[in-house]
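Please read the structure below before turning to the comments.
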Amino acid sequence: MTEERIATTKVAGTWAWFFQRLSAVLLVILLGIHLYVAHFMDVGSHTGDEALITFEDVSIRLDQLIYIAVDYSMLAMVLLHGLNGFRTVLFDFDMFAKRKKVVDRGLWVLGIGTLLWGIVILFPFLSGG
Amino acid sequence: MKIGSLKWLFGKNSEFWPTNMKTGMWAWVGHRLTGLALVAYVFLHLSFLSTASVGSGDFDSLMEVTSQPLFVAMDFLLVIVVIYHAMNGARVIMFDLGFGIRHQKLVFWICMAVAAVLIVGGLWAIWDLVFVPAGGA
Ligand code: HEM
């Protein structure tokens with residue numbers, strides 16, 4: 001079994017490798033902002049309970065265009081990086097490496113579908129503030 | 001896939017059997033497991049946020065639950081997982097750029113030392129939320 005495995009780098013390709021690194025670097029920056037906002041800017045401060053995040057808290061924050069941009073680009077990067085990484089893992093199994101096209105199509109559908117779902121998810125916060 | 005064929009993964013002679021793994025292998029296995037856990041978390045996170053589409057009240061009652069100490073403590077696990085993955089990821093990218101690969105073990109432990117500092121910082125940031133009752137601080 002082990003000997004039959006196909007080298008991942010060959011299956012996954014150079015672009016996948018490149019985007020995995022690019023998205024990783026962007027994620028460090030975006031996650032840094034995200035964690036700072038969540039834990040050091042006291043999002044939940046107006047209820048007096050720091051751990052509690054309310055619908056209103058989120059709506060107020062998302063009144064600023066910059067946070068919408070941060071949230072959406074983080075989602076796009078996390079999906080690109082996460083699913084591209086998952087693709088690498090799948091290709092370490094012959095079963096999936098043999099069906100590259102099917103796996104690729106499936107992951108694109110899952111990724112774009114989830115991105116659209118994630119975009120729509122924020123709408124209530126955007127109109128409710 | 002046949003169960004028997006998973007021996008390369010779980011068997012005593014497999015390269016993944018704990019005593020057969022060296023530092024670099026542990027680093028990679030850890031990276032892969034944390035990466036997969038994070039992908040699962042993204043979907044959980046989106047499904048929690050989607051309760052707001054049902055109604056702002058639904059979102060708020062879910063957030064009441066997730067602000068309890070137990071859930072904040074689980075958030076901390078997430079922080080550990082992200083920091084490990086990010087620090088080891090930085091190490092991988094460094095090697096790809098041509099730095100440090102000859103000292104991969106040392107670089108791993110340096111990255112883990114930085115990770116430990118960041119994790120302690122994270123613990124400090126959430127300490128009150130887990131160990132001090134709400135409103136009591
Ligand atoms: C915090 C910033 C992050 C950095 C610096 C980072 C870095 C990296 C790097 C460099 C790789 C490639 C490893 C290799 O080719 O050997 C990788 C793989 C991966 N990452 Fe991340 N990552 C980050 C966040 C995330 C997040 C948030 C997720 C989940 C959505 C994720 C999921 C994955 C997965 C599933 C893999 C594939 C693992 C494998 O091939 O074994 N990463 N990461």
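The values are calculated or read from the model by the stated rules, or taken from the named source; none is laboratory data. For clarity, every value in this text was computed on a predicted model and none was experimentally measured. Every residue, glycine among them, receives a Cβ derived from its backbone with ideal geometry; neighbour counts consider all protein chains shown. Each accessible area value is taken on the protein alone, full model and side chains, heavy atoms only, with ligands, DNA and RNA left out. Shrake-Rupley method; radii C 1.70, N 1.55, O 1.52, S 1.80 Å.
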Take B:Thr23, project a point 7 Å from its Cα along the Cβ direction, then tell me which residues of segment B:94-123 have their backbone nitrogen under 17 Å from it. B:94-96, B:99-116
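Under a 1.4 angstrom probe, counting protein chains only, how are A:Ile66, A:Ile119 ranked by accessible area, largest first? Please list the in-between numbers first.
Numbers: A:Ile66 105, A:Ile119 50 Å².
Greatest to least solvent exposure: A:Ile66, A:Ile119.
Going down the list B:Lys22/B:Lys105; A:Lys10/A:Lys101; A:Lys98/B:Lys22; A:Lys10/A:Lys100, which pairs span over 19 Å between their C-alpha atoms? Don't skip to the answer; put the middle values down first.
On the way: B:Lys22/B:Lys105 9 Å; A:Lys10/A:Lys101 14 Å; A:Lys98/B:Lys22 30 Å; A:Lys10/A:Lys100 12 Å.
Check vs 19 Å cut-off fails for A:Lys98/B:Lys22.
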Can you work out the Karplus-derived ³J(HN,Hα) for every residue in segment A:87-102? Use 6.51 cos²θ - 1.76 cosθ + 1.60 with θ = phi - 60°, whole Hz, and x for glycine or proline. 4, 4, 4, 4, 5, 6, 10, 3, 3, 8, 4, 6, 10, 4, 4, 4
In debye, nearest 20: dipole of segment B:51-115 around its Cα centre with unit charges on the Cβ of K, R (+) and D, E (-)? 640
Protein-only accessible surface order, largest first, of B:Leu70, B:Leu118, B:Leu46 at 1.4 Å: B:Leu70, B:Leu118, B:Leu46
So how do B:Asp58, A:Asp63, A:Asp104, A:Asp57 rank on accessible area, 1.4 Å probe, biggest first, that is with the largest at the start? A:Asp63, B:Asp58, A:Asp104, A:Asp57
Cα gyration tensor shape of segment B:33-137, rounded if a/c is under 1.5, else prolate or oblate by comparing a/b with b/c: oblate
Test item: Cα-centred dipole of chain B, Lys/Arg +1 and Asp/Glu -1 on Cβ, debye: 1040
For chain B, with the dipole built from +1 on Lys and Arg beta-carbon atoms and -1 on Asp and Glu ones, taken about the Cα centre, which of B:Gln104, B:Phe43, B:Trp127 lies farthest toward the positive end? B:Gln104
From a point 7 Å beyond the Cα of B:Asp58 in the direction of its Cβ, which residues of segment A:96-120 have a backbone N at a distance under 17 Å? A:117-120
Can you list the HN-Hα couplings for segment A:64-79, worked out from phi with the Karplus curve (6.51, -1.76, 1.60; θ = phi - 60°), rounded to whole Hz and with x for Gly and Pro? 8, 3, 4, 6, 5, 4, 4, 4, 5, 6, 5, 4, 4, 5, 5, 6
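How big is the charge dipole of the protein assembly as shown about its Cα centre, in debye rounded to the nearest 20, if each Lys and Arg gets +1 on its Cβ and each Asp and Glu gets -1 on its Cβ? Numbers along the way, then the final one.
Values: 18 positive and 19 negative charges, 391 e Å.
Here the size comes out at about 1880 debye.
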Which whole-Hz ³J(HN,Hα) couplings does segment B:62-71 yield from phi under the Karplus relation 6.51 cos²θ - 1.76 cosθ + 1.60, θ = phi - 60°, glycine and proline marked x? 5, 5, 4, 5, 6, 8, 6, x, 4, 6
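Averaged over its residues, how many other protein chain Cβ atoms are within 10 Å of peptide B:47-57's Cβ atoms?
Details: counts 2, 1, 8, 6, 3, 9, 7, 1, 2, 8, 1.
Across B:47-57, the average partner-chain Cβ count within 10 Å equals 4.
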So which trypsin sites (Lys or Arg not before Pro) in segment B:1-57 are both in a DSSP loop and have at most 12 other Cβ atoms within 10 Å of their Cβ? B:Lys2, B:Lys12, B:Lys22
Determine how large the accessible area of B:Leu33 is when every protein chain is in place; take a 1.4 Å probe and give Å² rounded to the nearest 10. 110
